[in-house]
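Here the structure comes first, spelled out in structure tokens, and everything after it is commentary.
The values are calculated or read from the model by the stated rules, or taken from the named source; none is laboratory data. Model, not experiment: these values are computed from the prediction. Every residue, glycine as well, gets a Cβ built from its backbone with ideal geometry; the counts of neighbours run over all protein chains shown. For accessibility, only protein heavy atoms count, side chains too; no ligands or nucleic acids. Shrake-Rupley method; radii C 1.70, N 1.55, O 1.52, S 1.80 Å.
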Amino acid sequence: PQRTYIFTFLLSSRVFIHPHELLAKVGQICIKQKQQLETGTEAEKAKLKSFTAKIIQLLKEWTETFPYDFQDEKSMKELKEIAHRITQCDEENGTVKKIISQMTQNLLMALSARSQYQEIREKFRQPVTDKGTILKTKPQSTQKDILSVCCDPLILAQQLTYIELERVSNIYPEDLMQIVSHMDSLDNHKCRGDVTKTYNLEAYDNWFNCLSMLVATEICRVVKKKQRTRMVEFFIDVARECFNIGNFNSMMAIISGMNLSPVARLKKTWSKVKTAKFDVLEHHMDPSSNFCNYRTALQGAAQRSQTANSNREKIVIPVFNLFIKDIYFLHKIHTNRLPNGQINFKKFWEISRQIHDFLTWKQVECPFEKDKKIQSYLLTAPIYSEEALFIASFESEGPENHMEKDSWKTLR
């Protein structure tokens, strides 16, 4: 079958059967075929060669695309047994043996890289909750803000894109498929008992929330209105540069941070902001008609990526939680099986098409140089909790109505 078919099949099979059970079935087919075709006539030998080539193609696709399916001993043992059987079919020239040994080596390297990543679990940042430090009318002079680290919106957008691509590269197709197989272990089939490992998805989602809170923190903790206006305009420019690059996830996180109540209520600040650029961004991220404007922009970026000559033009980073929702929605509105009991392959074909696009985008090599100082600030600068953001916001611009006055009283 074509590569796209093999990908769809291997990706969706895990909803119904554990990968090592599927591999065992492949192993059984190998034994059967080998017995049938070992009668020795030339025609049978040719058939056996053709069969061996197809099995090798399947195993190569499988080990390259889903290396994690082979992390347990059962799967590895089964793989070795199948490899041994098909190597015997081609003992004269030994090419199969070479291919198999290269494949095994690549698989072990991929598995080792993934286990190393899992050991470097990132430490999630804790929002600052100490009201004392926030309630001081002036921030400590030693405490830097984003503008003292990077005042060029384009460079900051590029560094955000670098972080995004690094995070995205650690998300694998089977992680995304957990959205489907996690929801319903089909036919009470405990096929994915180990499926709670959605760490990579959570880590990426957490980065989005941290970036939103960082944007809100940077704006709310500036005491002087003029500087606060400058900070708001700076982030609008950063979001615009993210949009131009094709980094929709960072752009959405920045807009979300600016739309948080503690920032949105700063009317005196916003009255001084040139909002025309912000209105354009809001238009792109308008949720009406199922984010129709964003989807059009995403489609444009995807088309640009297909014909691009440079990595710079290939970048497409979708809004991740919308991408996840789309897969979940596809899963929810279509059944896994058709009325006649057969598997609804059309549904899984569509899900795998979307996941395949994502995999293509995540393989883009980042064209920007890493700036350690800027990235360190983005990833480790203290961020305020929601309560602390409100305190800082009321400190900057006092409460305006009864509701705000009550909130301020409670917070103090």
Scope region 64-78; condition open to solvent by 10 Å² or more (accessible area, probe 1.4 Å) and closer than 23 Å to Gln33 by Cα; matching residues: Lys74, Met76, Lys77, Glu78
Only listed residue being loosely packed, with under 15 Cβ neighbours inside 10 Å, more than 24 Å from the chain's Cα centre (by Cα) and touching a residue at least 24 places away in the same chain (Cβ under 8 Å), chosen from Val232, Val263, Val280, Val273: Val280
Residues located in region 390-406, provided they are over 22 Å from Leu214 (Cα atoms) and touching a residue at least 12 places away in the same chain (Cβ under 8 Å): Glu400, Glu404
Helices (runs of 4 or more DSSP H) (entirely within region 296-412) containing at least 2 residues that are among the polar types (S, T, N, Q): 345-362, 372-380, 386-396, 402-411
Condition broken by Asn188, with the remaining ones in (1) polar (S, T, N, Q); (2) open to solvent by 10 Å² or more (accessible area, probe 1.4 Å); (3) modelled with pLDDT of 85 or more satisfied: (3)
The listed residue being of a type in the set (A, V, I, L, M, F, W, C) and open to solvent by 70 Å² or more (accessible area, probe 1.4 Å), out of Trp408, Trp349: Trp349
Single unsatisfied condition, Ile31 versus (1) in contact (Cβ under 8 Å) with a residue 12 or more places away in the chain; (2) surrounded by fewer than 14 Cβ atoms within 10 Å (Cβ to Cβ); (3) not in a helix (DSSP H, G or I): (3)
Residues being modelled with pLDDT of 85 or more and touching a Leu at 6+ places or on another chain (Cβ under 8 Å) - total across region 75-99: 5
Conditions (1) closer than 30 Å to Leu176 by Cβ; (2) among the β-branched types (Val, Ile, Thr); (3) part of a helix (DSSP H, G or I); number of the one not met by Thr87: (1)
Test for Arg230: is it basic (Lys, Arg) and either part of a loop (DSSP other than H, G, I, E, B) or modelled with pLDDT of 95 or more (or both): yes
Of the criteria (1) modelled with pLDDT of 75 or more; (2) outside any helix (DSSP H, G or I); (3) under 18 Å from the mean Cα position of the chain (by Cα), which one Lys144 fails: (3)
Scan of region 283-327 for residues that are acidic (Asp, Glu) and either within 19 Å of Ile255 (Cα to Cα) or loosely packed, with under 14 Cβ neighbours inside 10 Å (or both), ordered by number: Asp286
